[in-house]
Structures are given as C-alpha cells and as structure tokens.
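Peer 1: Submitted below is the structure of interest, expressed as structure tokens.
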Amino acid sequence: MALKEDLISPKSPRALNDGVPYPDADLLFLEDLLTREERTRLSAARSFFQTEVRPLAVDHWNRAEFPFQLLPGLAAQELVGKQPTSHLLSGLIQMELTRADTSISTFFGVHHELFATAVEQLGSDVHREELLPDLLALRKIGAFALTEPLHGSDISRQIETTATRDGEDWILNGSKRWIGNGTFADVVLVWAKDTDDGQIKGFIVEKEREGFHAAPIANKISVRIVQNADITLNNVRIPAANWLPGTRTFQDTNFLLMNSRVWVSWQAVGQQLAAFDVARAYALEREQFGRPVASFQLIQDQLVRILGNAMMSLSLMIQLARLQESGRLSMDHAALAKATCTERMRESVALGRAILGGNGIGTDFEMAKIFADAEAIYSYEGTQQINTLLVGRAVTGHSAFA
Ligand SMILES: Cc1cc2nc3c(=O)[nH]c(=O)nc-3n(C[C@H](O)[C@H](O)[C@H](O)COP(=O)(O)OP(=O)(O)OC[C@H]3O[C@@H](n4cnc5c(N)ncnc54)[C@H](O)[C@@H]3O)c2cc1C
C-alpha cells in the first residue's frame, strides 16, 4: 500500500483510465520537467483528447470515417502556433493525442509536422503568409506525398514522379501511394524529380488542379480513420511559385523527415500508454476464479512489462527533446528512437491485447484498435528495419542498403 500511495503525485492528480483510482502511467513524473504553464497546457490538451477524441474513435475507426466535427475543437486547443512550444511539450502533446487515438494523431502529424512545418521552414514569405494562418486554424488541411506505388524505402533513389519546368509553370506527372489526408486535403506537398537537374524537390499542389486525382485506399487494418489516398498526377500544371524554394535537393527533406521520425516515436510512447490504460482498467474490472484478473501475478507481470517499455521509451524521447532543444539532434538519433520505441510498442500492445483475452480481439473494448494501429506506426516514417539500418550504418560505417 505504501508504494501505491507514494506513486500518486500530489502535484498531478489525473482522472484517466476510466476513473480507475490508481496513479497515471507516468510513474516517473517525467512531466514535472515541464514548466507550470506548460503543465497547464498539457493538462488541458489531455483533457480534450480524452473527453472529445477518444469517445469518438472506435465507432469512426470501425466505419473508416474521419470525424470532421472534431476540427473546430482541435483547432481551438492551439496545440501549435500562437504560443512558443518547447520540443518536450510538443512531444508530450503528440503522445497524449495518440494515447486517445492514433488516427487523429496521425492526421494531425501529417498536417502539421509534415505539411505546415515544410511551408514554415522551406517555403517563401508568400507561402507562409498565404497558407500558415489557415493551416494553423485547421481551415485548410495539408498532406505530404512522397511514397509511390513502386517505391517506399528506396524512394530517395528511385523516385519516378517528375516535375518539368515549362515557362512560368511546372508540369507534374506520376503516382503517389498511402498519402494520409490525401482524399480531402486542400493542399498536397508533392515530391518530384526535376527533369532538368535530376534533384528531388517539393511542390504545393492544390486539390482542384486539373489532372490531380486522389482515390481512397480501402480495407485497411490500421489507422482506419486516416483517409489514405492513391494519388495520380497527369500533366498537372502549377505556377512556378508553387515550388518550395527551400527544397533544392532531397537532403532538404532530411530536416522534415528527422522531425517527423521524432513525432512518430512519440506516437509509439502514446500507443503504449493507451495499451496500459485499457489493459489495467480491464484487468481490474474483469473477474475470473472469483477475483479480478489484476490480482493474478502473470497479469501484473504483463502490465508491468508494458509500463516498463513505455517508461523506457518516454525517457528516451525526453532526451531526444533535449537534443532538439540544443540543436544537436541528428537523423541517427531520430532513427534510433523510431526503431527502438516502435519495437517496444509492438511488444506492449501485444501484451495489452492478451490481457483482454477474447475481448482483445474485437474493437468494442478499444484494445484491438490500439493493437492494429501500432502496425502503421511500425511501418510508416521509415520502417522499423530501415531505421535500424540507418543506425547500423552510423555505428559500423557500413551501409546495408547501399
Ligand atoms: C497508414 C500509412 C500511412 C502512410 N502515410 C504516408 C504519407 O502520408 N505520405 C507518404 O509519402 N507516405 C506514407 N506512407 C508510406 C510509408 O512511409 C511507407 O509505407 C514506408 O516508407 C515503407 O515503404 P513500403 O510500404 O513501400 O515498403 P517497402 O519499402 O516495399 O518495404 C517492404 C519490406 O521490406 C523491408 N525492406 C526494404 N528495404 C530493405 C532493406 N534494404 N533491408 C532490409 N529490409 C528492407 C521493409 O522494412 C519492409 O519490411 C504511409 C504508410 C502507411 C501504411
């Protein structure tokens, strides 16, 4: 009993876990590294995610529909934009959004980390002035189109989509696959090879452009709320000004991909906390042999393994936030985090699913959604294997995918 009381932080009483009167999963009080004002912001965001996002998620996931009604409330949270946000706070917010629902966090990550950040960091003043206010208010939604039907892991070397300069315009041709938010995004950042100099560059394509077509990808087993699209570009003509001037070579995407790998690693932490929340609440409620299954040693062992994985991942991410803050974060750090946190996550969600027994197989008890959504996190933003090989190259000097 003493241990349980010690673990309840008087500074941060939380009402998560469906009212379960036990400590939040952040047993190490890592959140206390935030300032008081940041803790208030995180707490408000968490409360919105748990009360407005999480309750909608299973139903929309089952129907593979996007809850557009959430957008005004999500925008009102001002998760990014107006106030300066430390890397730690922004990571913890992404973690908490994923904890409530992975798909909504993926939607937001693609829109903000990949599209809006590209406009902000790699766009022109005109791009920033024309697009950022609407993007930050979620009045306009962005998508990021890099992957192609025939090229995923090797896209930087084998990209087939082309951009050809024609007077004051560019003409784009090619196909893109898996593009998140692609069916409804107002603006899509399309990566294509400049036929003149052979370099990969980024172009903003508005959804109304003639020759642009986005078809929904159906029958997914993961992040079903996210509207992924197969996009075709058939002689799509865009003005020269739609080229993002900060994208002269593929190296310029590194900054974006590094940050988005960090964001996805935070997702992997949130996914584990979600598995812990649901598994613990269920284990306390479900009785077998006349007592809660939470009282069985093997169930406690599994819960503690989830928590240990989650806390290890969270601690790693906090150090990554420190590296970001001091400008020392490299792609290798981001790749190590992505490979490691997603590996831990896969074990955690499998343990969580097992704790629910048969009820872990259907989405009615939430866990099956959490279990399945982890698979997308494992594979996008560079698969777990590709990120492992990036670190392998860094620590051996030998590239396994030369
Ligand atoms: C839900 C979802 C959302 C996505 N959203 C977007 C998006 O918004 N925008 C976008 O551009 N893309 C998006 N993607 C694409 C994603 O980034 C790619 O799926 C990912 O990069 C892997 O590429 P691939 O699927 O073509 O797999 P492949 O590259 O075909 O890989 C197949 C398998 O081979 C392995 N492999 C490949 N090369 C090697 C190697 N050299 N050594 C060892 N193993 C190797 C991989 O790890 C994997 O297991 C999304 C994908 C999913 C599933």
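The values are calculated or read from the model by the stated rules, or taken from the named source; none is laboratory data. Bear in mind the structure is a predicted one, so any value in this text is a computation, not a measurement. Cβ coordinates were reconstructed from backbone atoms using ideal geometry, including for glycine residues, and neighbour counts include every protein chain displayed.
Peer 1: Would a scan of region 148-159 turn up a residue that is in the same structural domain as residue 226 (by TED's automatic domain parsing), within 10 Å of the ligand (Cβ to nearest atom), among the hydroxyl-bearing types (Ser, Thr, Tyr) and modelled with pLDDT of 95 or more?
Peer 2: Looking for residues that are in the same structural domain as residue 226 (by TED's automatic domain parsing), within 10 Å of the ligand (Cβ to nearest atom), among the hydroxyl-bearing types (Ser, Thr, Tyr) and modelled with pLDDT of 95 or more, one finds at least one in region 148-159, hence yes.
Peer 1: Now for a different question. Can you confirm whether region 372-380 contains a residue that is away from the ligand (no atom under 16 Å from the Cβ), of a type outside the set (A, V, I, L, M) and not in a loop (DSSP other than H, G, I, E, B)? Walk me through how you get there before you give the answer.
Peer 2: Looking only at region 372-380, we keep the residues that are away from the ligand (no atom under 16 Å from the Cβ), and these are none.
No; the residues of region 372-380 include none that is away from the ligand (no atom under 16 Å from the Cβ), of a type outside the set (A, V, I, L, M) and not in a loop (DSSP other than H, G, I, E, B).
Peer 1: If you don't mind, there's one more thing I want to ask. What are the residues in region 330-339 that are surrounded by fewer than 20 Cβ atoms within 10 Å (Cβ to Cβ) and either under 17 Å from the mean Cα position of the chain (by Cα) or not small (Gly, Ala, Ser) (or both), if any? Explain how you work it out, then say what you get.
Peer 2: Of all residues in region 330-339, those surrounded by fewer than 20 Cβ atoms within 10 Å (Cβ to Cβ) come to 330-332.
Listed by number, the residues that qualify are 331, 332.
Peer 1: Would you confirm whether or not region 346-356 contains a residue that is within 20 Å of residue 261 (Cα to Cα), small (Gly, Ala, Ser), under 19 Å from the mean Cα position of the chain (by Cα) and buried (at least 17 other Cβ atoms within 10 Å of the Cβ)?
Peer 2: There is at least one residue in region 346-356 that is within 20 Å of residue 261 (Cα to Cα), small (Gly, Ala, Ser), under 19 Å from the mean Cα position of the chain (by Cα) and buried (at least 17 other Cβ atoms within 10 Å of the Cβ).
Peer 1: Further question on the same structure: Taking the condition at pLDDT 95 or above, in contact with a Leu (Cβ under 6 Å, 6 or more places away or on another chain) and in a helix (DSSP H, G or I), does residue 337 pass? First the steps, then the outcome.
Peer 2: On the way: at pLDDT 95 or above: yes; in contact with a Leu (Cβ under 6 Å, 6 or more places away or on another chain): yes; in a helix (DSSP H, G or I): yes.
The answer is yes for residue 337.
Peer 1: Further question: Considering only residues that are within 11 Å of the ligand (Cβ to nearest atom) and either at pLDDT below 95 or under 18 Å from residue 345 (Cβ atoms) (or both), which ones fall in region 381-399?
Peer 2: Passing the criteria: 381, 382, 383, 384, 385, 386, 387, 388.
Peer 1: Another one. Just wondering, is there one or more residues in region 309-320 that are out of contact with any Phe, Trp or Tyr (no Cβ under 8 Å at 6 or more places or on another chain), under 12 Å from residue 262 (Cα atoms) and β-branched (Val, Ile, Thr)?
Peer 2: Yes: one or more hits.
Peer 1: Cβ contacts < 6 Å: first residue on the phi < 0 side of the Ramachandran plot, restricted to region 169-186; second residue in a strand (DSSP E or B) and near the ligand (Cβ under 7 Å from one of its atoms), any location; separation 6+ or different chain. Result?
Peer 2: The qualifying pairs are 176/145; 179/143; 179/145; 180/228; 182/143; 185/143.
Peer 1: Further question: Yes or no: residue 353 in contact with a helix residue (DSSP H, G or I) (Cβ under 9 Å, 6 or more places away or on another chain) and either more than 16 Å from the ligand (Cβ to nearest atom) or among the small types (Gly, Ala, Ser) (or both)?
Peer 2: Working: in contact with a helix residue (DSSP H, G or I) (Cβ under 9 Å, 6 or more places away or on another chain): yes; either more than 16 Å from the ligand (Cβ to nearest atom) or among the small types (Gly, Ala, Ser) (or both): yes.
Spelling it out, residue 353 is indeed in contact with a helix residue (DSSP H, G or I) (Cβ under 9 Å, 6 or more places away or on another chain) and either more than 16 Å from the ligand (Cβ to nearest atom) or among the small types (Gly, Ala, Ser) (or both).
Peer 1: Looking at 188, 126, can you tell me which residue is aliphatic (A, V, I, L, M) and closer than 25 Å to residue 71 by Cα? Can you show your working first?
Peer 2: On the way: 126 fails: closer than 25 Å to residue 71 by Cα.
Unique residue meeting the criteria: 188.
Peer 1: Something else: Report yes if some residue within region 218-235 is within 22 Å of residue 114 (Cα to Cα), buried (at least 24 other Cβ atoms within 10 Å of the Cβ) and away from the ligand (no atom under 13 Å from the Cβ); otherwise report no.
Peer 2: Yes; the residues of region 218-235 include at least one that is within 22 Å of residue 114 (Cα to Cα), buried (at least 24 other Cβ atoms within 10 Å of the Cβ) and away from the ligand (no atom under 13 Å from the Cβ).
Peer 1: Let me ask another. Of the residues 70, 97, 74, which is buried (at least 23 other Cβ atoms within 10 Å of the Cβ), in contact (Cβ under 8 Å) with a residue 24 or more places away in the chain, farther than 24 Å from residue 173 by Cα and away from the ligand (no atom under 12 Å from the Cβ)? Steps first, answer last, please.
Peer 2: Numbers: 70 fails: buried (at least 23 other Cβ atoms within 10 Å of the Cβ); 74 fails: buried (at least 23 other Cβ atoms within 10 Å of the Cβ).
The unique qualifying residue is 97.
Peer 1: Right, another one. Please work out which one of (1) in contact with a Lys or Arg (Cβ under 7 Å, 6 or more places away or on another chain); (2) within 13 Å of the ligand (Cβ to nearest atom) is the condition residue 169 fails and give its number.
Peer 2: So the condition that residue 169 fails would be (2).
Peer 1: A follow-up question, please. Does at least one position in region 322-334 carry a residue that is under 22 Å from residue 294 (Cα atoms) and either more than 16 Å from the ligand (Cβ to nearest atom) or outside the structural domain of residue 257 (by TED's automatic domain parsing) (or both)? I'd like the intermediate steps shown before the answer.
Peer 2: The initial filter retains those residues of region 322-334 that are under 22 Å from residue 294 (Cα atoms), namely none.
Checked region 322-334: no residue is under 22 Å from residue 294 (Cα atoms) and either more than 16 Å from the ligand (Cβ to nearest atom) or outside the structural domain of residue 257 (by TED's automatic domain parsing) (or both).
Peer 1: Enumerate the strands (runs of 3 or more DSSP E) found wholly within region 119-224, keeping only those where 3 or more residues are within 30 Å of residue 370 (Cβ to Cβ).
Peer 2: Working: elements: 142-145, 162-166, 169-180, 187-194, 200-206, 212-216.
So the answer is 142-145, 169-180, 212-216.
Peer 1: Something else: If we keep just the residues of region 236-275 that are farther than 21 Å from residue 320 by Cα and under 17 Å from the mean Cα position of the chain (by Cα), which is surrounded by the most Cβ atoms within 10 Å (Cβ to Cβ)?
Peer 2: The selected residue is 275.
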